[in-house]
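Asks: Attaching a single structure in structure tokens format; questions to follow.
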Amino acid sequence: MNTPVSIRSQGDIAIVTLDNPPVNAISAAVRKALWQAVEEIDADPNLRAAILICQGRTFIAGADVREFGQTPEPPHLPDLVDHLEAARVPWIAAIHGTALGGGFEIAMGCRFRVAPPQAKIGLPEVTLGIIPGASGTVRTPRLAGVEVAVDLVTTGKPMAAPKAHALGLIDAVIEGDLEAGAMAFATEALSKALPAPISARPVSTMGEAFWEAQRTRAAKPGHRAPLEALTAIRRATELPFAQAMAAERESFLALRASDEAAALRAVFFAERAAPRPEALRDVTPRKLAQVGVVGGGTMGAGIAAALRNAGLPVVLIERDADALERGIDTLRRTFEGAIKRGKLTEAARDALMAGVTGVTDYAALSDCDLVIEAVFEKLSVKREVFERLVAQCRPDAILATNTSYIDPREIFEGLPGAERCIGLHFFSPAQIMKLLEIVPLPETSTEVLATAFALAKQLSKVPVRAGICEGFIGNRILKRYRSEAESLLRAGVPIADVDAAMRGYGFRMGPFEAQDLGGLDIAYLQREGARAAGQDVPETLGDILVGAGRKGQKTGGGWYDYSQGDRSPRPSEQVAELLAPHLSKGAPMAEAEIAEHLVGALADEGRAILAEGIADRASDIDLVEIHGYGFPRWKGGPMFASGHRD
Ligand code: 3H9
């Protein structure tokens with residue numbers, strides 16, 4: 001029978017290799033095999049230490065999340081960690097890649113932890129709506145102090161090995177070959193007195209003021225896990241080890257069964273499935289050495305910044321020298337923003353800017369492997385750009401449009417080489433927003449499509465294939481959302497109640513506040529365009545406001561009034577008067593009912609989108625809503641929330 005664990009020895013040191021692709025997650029089989037390894041090594045009197053090392057891209061990535069829906073099978077992970085710690089010989093975790101969650105808990109069961117400088121450790125359980133369940137909240141404060149434990153456990157952020165070493169979470173940073181370094185470390189460690197196992201180490205208690213400050217810092221609306229994690233660490237400082245462990249396990253199991261955790265797990269797997277559509281499994285993407293961006297407005301500059309952040313050289317083209325200067329300036333300001341947030345150094349900004357060539361002549365795009373157009377959202381303007389691109393680019397260069405509404409078939413109509421054309425719909429600010437809608441034409445080659453998905457991975461974006469329809473997936477659902485929100489107003493629900501309900505559900509903003517921020521005129525102009533083209537588009541309440549000059553915050557008012565320099569919305573008498581003839585006097589509606597109605601509408605539109613083949617999977621629609629439209633991640637997306645599973 002194949003076992004994920006193999007043991008060999010070198011002198012008196014055992015080397016235990018775990019091989020459970022792809023990320024060495026701790027399944028029931030791994031737990032059994034490691035338990036057995038502890039017994040075997042302890043039974044061999046010639047062995048004095050054991051090194052735990054992993055095959056493949058990483059050390060243990062955590063408990064196997066796929067098993068979370070099932071009844072846990074013994075040996076349970078907390079017992080395995082205790083078993084490792086209680087072994088006759090000291091174990092040394094040799095960590096490469098990442099030791100996350102249960103992976104780091106296993107490492108804490110070992111007497112020592114060593115890692116190369118690129119490795120990371122972390123306890124990311126809160127990002128899955130749970131807390132560590134195998135002593136993360138109990139051993140970490142004993143290993144590195146309460147403050148370090150609180151930071152690691154409540155934020156879920158991974159930490160690089162050098163910092164982890166400085167904070168006492170690991171014992172040595174190993175340069176060069178990890179196994180050889182771990183062997184040398186083991187030999188040295190065996191020549192000295194062993195440190196106490198972590199469970200036997202003391203832990204300090206903290207005052208009420210400390211916990212109160214941490215509660216304020218860790219609280220996240222809609223998330224139970226961070227505060228539960230904090231409570232678990234507090235218990236670990238106040239109760240004996242075994243009692244704190246039992247309480248951690250109870251809390252872990254309760255959270256694991258929660259709706260929040262189920263939703264976050266679904267999103268976790270959806271995000272991992274998204275970059276690799278089944279249909280492209282055997283298609284090799286093209287290499288991209290240089291990318292052109294047409295248009296240096298907010299969108300073009302954002303796309304250029306995203307490309308540069310991923311290390312791709314960029315040629316940015318504008319129609320004349322003035323526009324180019326503005327575009328380059330916008331791009332530089334994008335990076336300045338990152339400097340202000342402490343995410344970028346000035347030297348790194350200079351290096352990023354040095355990789356941008358600003359041009360006004362399309363001939364300069366002749367070496368680009370991909371060109372992304374991000375000019376004004378008007379068919380004639382875009383068509384003109386692509387005519388020039390076809391004339392100047394290599395015949396195999398991929399040509400992409402960032403249109404958000406226009407049918408890409410019309411944009412590329414009649415141009416040669418439709419197989420290399422595609423829609424790449426970024427979301428603003430493009431250097432930050434994770435979503436990328438990939439919109440192939442019927443003629444787009446699978447190689448070009450695969451290249452678009454590979455580009456998304458390189459840019460750390462979440463790619464979703466969208467078929468062609470008005471608004472693709474995201475903006476089509478947005479249109480429905482807004483129309484349903486207006487229908488609630490027509491039925492007599494106050495504007496502020498609708499916004500409050502959606503904030504209460506977990507959105508950062510309600511639909512009307514969000515329109516005021518983005519501007520009501522964009523959707524209005526689209527509707528006007530459709531009307532001018534002869535389509536029957538009924539008047540919306542938004543049209544009435546735009547007609548009265550109320551385009552949102554930028555004009556001092558939209559659905560709400562705003563004072564100069566103040567973004568807080570105030571109910572507007574003018575809006576009440578303008579809309580009065582269109583609204584009926586309905587009974588008040590509870591917030592939960594409003595949210596249920598609107599989320600139901602999102603899912604309804606999602607179902608239509610699936611039925612038409614515009615999206616491949618319900619989970620793709622959820623990713624679009626979460627990463628492009630502010631749907632709360634811990635609710636799993638509208639399809640998941642409405643019980644629709646793939
Ligand atoms: C936990 O540990 C609880 C304990 O405290 C208590 C227990 C009692 N399980 O991300 P990638 C799969 S909670 C199962 O593309 P990368 C993933 O689905 C856990 N599968 O790779 C994908 O599968 P497929 C705490 C997992 O190199 C494949 O591995 N740990 C798990 O870009 C590759 O994934 C975490 O939250 C898992 N735990 O990044 C860590 N993890 O190929 C979660 C991954 O079939 N994992 N898969 O689509 C990660 O952060 C990243 O996967 C990692 C590698 C950084 C490790």
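Asks: Any residue at all in segment 167-176 that is among the small types (G, A, S) and either within 16 Å of the ligand (Cβ to nearest atom) or outside the structural domain of E238 (by TED's automatic domain parsing) (or both)?
Replies: no
Asks: Can you find a residue that is within 26 Å of H223 (Cα to Cα) and in contact (Cβ under 8 Å) with a residue 60 or more places away in the chain anywhere in segment 158-165?
Replies: yes
Asks: Condition (residue is more than 18 Å from E228 (Cα to Cα), surrounded by fewer than 24 Cβ atoms within 10 Å (Cβ to Cβ) and among the charged types (D, E, K, R)) applied to segment 112-126: is it met by at least one residue? Walk me through it before giving the result.
Replies: To start, the set of residues in segment 112-126 that are more than 18 Å from E228 (Cα to Cα) comprises 112-121.
Next cut, surrounded by fewer than 24 Cβ atoms within 10 Å (Cβ to Cβ) only: 112, 116-118, 120.
Filter once more, so that each one left must be among the charged types (D, E, K, R): 120.
Scanning segment 112-126 turns up at least one residue that is more than 18 Å from E228 (Cα to Cα), surrounded by fewer than 24 Cβ atoms within 10 Å (Cβ to Cβ) and among the charged types (D, E, K, R).
Asks: Mind listing whichever residues of segment 19-39 are more than 16 Å from the ligand (Cβ to nearest atom), surrounded by 15 or more Cβ atoms within 10 Å (Cβ to Cβ) and more than 13 Å from W91 (Cβ to Cβ)?
Replies: The answer is A33, and nothing else.
Asks: Residues in segment 73-94 that are within 16 Å of the ligand (Cβ to nearest atom), in a loop (DSSP other than H, G, I, E, B) and in contact with a helix residue (DSSP H, G or I) (Cβ under 6 Å, 6 or more places away or on another chain): how many?
Replies: Here the count works out to 2.
Asks: OK, next. Which residue pairs have Cβ atoms under 9 Å apart, sit 6 or more places apart or on different chains, and have a first residue in segment 92-116 that is on the phi < 0 side of the Ramachandran plot and free of Cβ contacts under 8 Å to residues at least 24 places away in the same chain and a second that is in a strand (DSSP E or B) and away from the ligand (no atom under 14 Å from the Cβ)?
Replies: none
Asks: Does T555 satisfy the condition of being of a type in the set (S, T, Y), at pLDDT below 95 and either surrounded by 15 or more Cβ atoms within 10 Å (Cβ to Cβ) or within 18 Å of A500 (Cβ to Cβ) (or both)?
Replies: Here the answer is yes, as T555 does meet what is asked.
Asks: Can I ask one more? Name every residue in segment 305-328 that is crowded, with 22+ Cβ neighbours inside 10 Å and of a type in the set (G, A, S), in order of residue number.
Replies: A305, A306, G327
Asks: Can you say whether A200 is farther than 30 Å from I13 by Cβ, hydrophobic (A, V, I, L, M, F, W, C) and loosely packed, with under 14 Cβ neighbours inside 10 Å, as far as the supplied structure shows? Spell out the reasoning first.
Replies: Values: farther than 30 Å from I13 by Cβ: no; hydrophobic (A, V, I, L, M, F, W, C): yes; loosely packed, with under 14 Cβ neighbours inside 10 Å: yes.
So A200 does not fit the description; no.
Asks: Would it be correct to say that Q70 is under 19 Å from A182 (Cα atoms) and within 16 Å of the ligand (Cβ to nearest atom)?
Replies: Considered against the rule, which asks whether it is under 19 Å from A182 (Cα atoms) and within 16 Å of the ligand (Cβ to nearest atom), Q70 comes out as no.
Asks: So, Q515, is that one more than 29 Å from S380 (Cα to Cα), polar (S, T, N, Q) and within 30 Å of the chain's Cα centre (by Cα) or not?
Replies: Values: more than 29 Å from S380 (Cα to Cα): no; polar (S, T, N, Q): yes; within 30 Å of the chain's Cα centre (by Cα): yes.
In short, no.
Asks: Helices (runs of 4 or more DSSP H) wholly in segment 547-646 with at least 2 residues that are within 33 Å of the chain's Cα centre (by Cα) and under 30 Å from P442 (Cβ atoms) - which ones?
Replies: It comes to 591-611, 618-629, 638-641.
Asks: Something else now. Could you please let me know if D543 is without any contact (Cβ under 8 Å) to a residue 60 or more places away in the chain, surrounded by 19 or more Cβ atoms within 10 Å (Cβ to Cβ) and among the charged types (D, E, K, R)?
Replies: Answer is no for this residue.
Asks: Residues being within 26 Å of the chain's Cα centre (by Cα) and not hydrophobic (A, V, I, L, M, F, W, C): count how many of those fall in segment 42-69. Break it down into steps so the answer makes sense when it comes.
Replies: Initial filter on segment 42-69 (within 26 Å of the chain's Cα centre (by Cα)): 56-69.
Imposing the further condition that a residue be not hydrophobic (A, V, I, L, M, F, W, C) reduces the set to 56-58, 62, 64, 66-67, 69.
Final tally of qualifying residues: 8.
Asks: So I51 ticks every box in (1) part of a loop (DSSP other than H, G, I, E, B); (2) away from the ligand (no atom under 14 Å from the Cβ); (3) crowded, with 20+ Cβ neighbours inside 10 Å but one. Which box is left unticked?
Replies: Here I51 clears every test but (1).
Asks: Among the residues of segment 97-107, are any small (G, A, S), out of contact with any Leu (no Cβ under 9 Å at 6 or more places or on another chain), within 16 Å of the ligand (Cβ to nearest atom) and assigned to a strand (DSSP E or B)? Working first, answer last.
Replies: Keep residues of segment 97-107 that are small (G, A, S), which gives 97, 99, 101-103, 107.
Checking the rest, the ones that are also out of contact with any Leu (no Cβ under 9 Å at 6 or more places or on another chain) come to 97, 99, 103.
This time we only want the ones that are within 16 Å of the ligand (Cβ to nearest atom), so: 97, 99, 103.
Checking which are assigned to a strand (DSSP E or B) leaves us with 99.
Within segment 97-107, one or more residues are small (G, A, S), out of contact with any Leu (no Cβ under 9 Å at 6 or more places or on another chain), within 16 Å of the ligand (Cβ to nearest atom) and assigned to a strand (DSSP E or B).
Asks: Is it true that A364 is in the same structural domain as V293 (by TED's automatic domain parsing) and either within 20 Å of C469 (Cα to Cα) or free of Cβ contacts under 8 Å to residues at least 40 places away in the same chain (or both)?
Replies: No; evaluated as a whole, the condition is false for this residue.
Asks: Same structure again: For segment 238-249, indicate whether the set of residues that are within 18 Å of A400 (Cα to Cα) and crowded, with 18+ Cβ neighbours inside 10 Å is non-empty.
Replies: Within segment 238-249, the subset within 18 Å of A400 (Cα to Cα) is none.
Checking segment 238-249: not a single residue is within 18 Å of A400 (Cα to Cα) and crowded, with 18+ Cβ neighbours inside 10 Å.
Asks: F210 is checked against (1) under 37 Å from the mean Cα position of the chain (by Cα); (2) within 26 Å of L47 (Cα to Cα); (3) not charged (D, E, K, R) and fails just one. What number does that condition carry?
Replies: (2)
Asks: Among the helices (runs of 4 or more DSSP H) confined wholly to segment 326-434, which include 1 or more residues that are under 27 Å from the mean Cα position of the chain (by Cα) and closer than 26 Å to P285 by Cα?
Replies: 346-354
Asks: Looking at V30 and the list (1) of a type in the set (A, V, I, L, M, F, W, C); (2) under 20 Å from F185 (Cβ atoms); (3) assigned to a helix (DSSP H, G or I), which single condition is not satisfied?
Replies: Just one mismatch for V30, condition (2).
Asks: Among the candidates E443, E528, single out the residue that is acidic (D, E) and not in a helix (DSSP H, G or I).
Replies: The match here is E443.
Asks: Give the residues of segment 507-525 that are assigned to a helix (DSSP H, G or I) and under 16 Å from E484 (Cα atoms), sorted by residue number.
Replies: P511, F512, E513, A514, Q515, A523
Asks: Within segment 302-332, how many residues are hydrophobic (A, V, I, L, M, F, W, C) and touching a residue at least 40 places away in the same chain (Cβ under 8 Å)?
Replies: 11
Asks: Let me ask you something else. I need the full set of residues from segment 122-161 which are away from the ligand (no atom under 14 Å from the Cβ) and either part of a loop (DSSP other than H, G, I, E, B) or more than 25 Å from the chain's Cα centre (by Cα) (or both), in order please.
Replies: P141, R142, L143, A144, G145, V146, E147
Asks: Looking at (1) touching a residue at least 60 places away in the same chain (Cβ under 8 Å); (2) out of contact with any strand residue (DSSP E or B) (no Cβ under 7 Å at 6 or more places or on another chain); (3) under 30 Å from G637 (Cα atoms), which one does Y560 not meet, given that it meets all the others?
Replies: Result: Y560 fails condition (2) only.
Asks: Sticking with this one: In segment 189-279, which helices (runs of 4 or more DSSP H) lie fully inside it and hold 3 or more residues that are within 13 Å of the ligand (Cβ to nearest atom) and at pLDDT 95 or above? Step through it out loud before you land on a result.
Replies: On the way: elements: 208-218, 225-238, 241-256, 259-273.
Once the helices (runs of 4 or more DSSP H) in segment 189-279 are filtered for at least 3 residues that are within 13 Å of the ligand (Cβ to nearest atom) and at pLDDT 95 or above, what remains is 225-238, 241-256, 259-273.
The values are calculated or read from the model by the stated rules, or taken from the named source; none is laboratory data. What you see is a predicted model; the values in this text were computed from it and never measured. Note that each Cβ is placed from the backbone with ideal geometry, even for glycine, and that neighbours are counted across all protein chains shown.
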